[in-house]
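Here the structure comes first, spelled out in structure tokens, and everything after it is commentary.
The values are calculated or read from the model by the stated rules, or taken from the named source; none is laboratory data. Because the structure is a prediction, the values reported are computed rather than measured. Reconstructed Cβ throughout: ideal geometry from the backbone, glycine too, with neighbour counts over all protein chains shown.
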Amino acid sequence: MKPNFRKRLLAAVVILAASISIQAKNNMSAYLFAYFTGNAPEQEQIHFAYSYDGFNFELLNDGKPIIGSDTIAIMKGVRDPHILRGHDGYFYMVVTDMQCSRGWASNRGIVLMRSKDMVTWEHHTVHFPEKYKGTNLEHVTRVWAPQTIFDEKAQKYLIYFSLLTDDGSIPYDRVYYAYANADFSDLEGTPEVFFDYQQAAIDTDIVQDQFGTYHIFFKTEGSKVKGLKQYVARDLSDWKSWRMIDGYCQDTKEAVEGSGVFPLLEGGWCLMYDCYMNGHYQFCKSPDLLFFKAYKNTETKGAFTPRHGTIMQITKKELKRLQKAFPGSK
């Protein structure tokens, strides 16, 4: 194949992928919720539910896992699934590779997953003690709540997570990042500090608004007052230029974790978090990602007991495909 033709073909593929992505966004009609359900090994699995309004959900697969953790994870359990629609026709999921019944310090890595249809998933583990042997990262005891965002500047998928080690080199949960390789099977290089809040920070979530500004949400795990904080940034690669928003995003008045932000079909944004001590998810609305107002508490009971998950918009066609692959009894 001649070089010039190869370049034109590659450009055409990129334009087609972008066109498909834009078309999909214009056809969004529902929401997909990816989550796990509890701290027992049989609950540390990936589950799916769907919604037409973003606040009330119906189970897929009758609430059973959509994939067995024992088939994808070293620790045979996964937590904190983050799902993302890619820029290239793929869907991406990253999860914590962990069984908390073995202790909260039993987490040594993450699982990277990729799919064309959200039904069949490729999966690869990243085991930090093995991959980073000879560095301080072989001493990690937590690689918590990984998430992915497409870094437009680098044109790569950036994966971020909180790290803690037992050798004192990372004395509190600090947020690091690394880029995924081309086929989303591994991390490139050694993770670097994404941001340092100077005390424990976990459950980071990032969205980009229509003006190109990134909004970085996280939980202040180590402070006396736990809550959700936010940075805003134009450049993901220079965290020292990020601006901290004063106060807390939302006065939750209860213990929460796993904040997730997603755009609403009717416009505006939703901030949700797992009120794990009180048996519900709380959903808040915002027109601008800066000022949030509590909107609804969705009770978690029966077969629907989501923990620390994420939500994204899907099309009617995608929902029908999921319903066919993971039917319920209704």
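Matching residues to (1) under 21 Å from the mean Cα position of the chain (by Cα); (2) buried (at least 18 other Cβ atoms within 10 Å of the Cβ); (3) part of a helix (DSSP H, G or I); (4) without any contact (Cβ under 8 Å) to a residue 60 or more places away in the chain:
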{"site": "Asp246", "(1), (2), (3), (4)": "no, no, no, yes"}
{"site": "Leu271", "(1), (2), (3), (4)": "yes, yes, no, yes"}
{"site": "Asn278", "(1), (2), (3), (4)": "no, no, no, yes"}
{"site": "Lys296", "(1), (2), (3), (4)": "no, no, no, no"}
{"site": "Lys320", "(1), (2), (3), (4)": "no, no, yes, yes"}
{"site": "Gln323", "(1), (2), (3), (4)": "no, no, yes, no"}
{"site": "Pro327", "(1), (2), (3), (4)": "no, no, no, no"}
Query raised in the report: Under 6 Å by Cβ, and 6 or more places apart or on different chains, what pairs join a residue from the stretch 98-111 that is within 12 Å of Gly77 (Cβ to Cβ) and touching a residue at least 40 places away in the same chain (Cβ under 8 Å) with one that is of a type in the set (Lys, Arg) and not in a loop (DSSP other than H, G, I, E, B)?
Result: Met98/Arg79
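Yes/no matrix, rows are residues, columns are (1) of a type in the set (Phe, Trp, Tyr); (2) out of contact with any strand residue (DSSP E or B) (no Cβ under 6 Å at 6 or more places or on another chain); (3) surrounded by fewer than 16 Cβ atoms within 10 Å (Cβ to Cβ):
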site: Tyr92; (1), (2), (3): yes, no, no
site: Asp97; (1), (2), (3): no, no, no
site: Arg102; (1), (2), (3): no, yes, yes
site: Val126; (1), (2), (3): no, no, no
site: Thr135; (1), (2), (3): no, yes, yes
site: Glu138; (1), (2), (3): no, yes, no
site: Pro191; (1), (2), (3): no, no, no
site: Phe195; (1), (2), (3): yes, no, no
Query raised in the report: closer than 23 Å to Asp203 by Cβ and β-branched (Val, Ile, Thr): does that describe Thr125?
Result: yes
Report summary line: So, first residue over 13 Å from Leu290 (Cβ atoms) and at pLDDT 70 or above in the stretch 213-231, second residue charged (D, E, K, R) and surrounded by fewer than 19 Cβ atoms within 10 Å (Cβ to Cβ), Cβ within less than 7 Å, six or more apart or across chains; the pairs are Lys219/Lys226; Thr220/Lys226
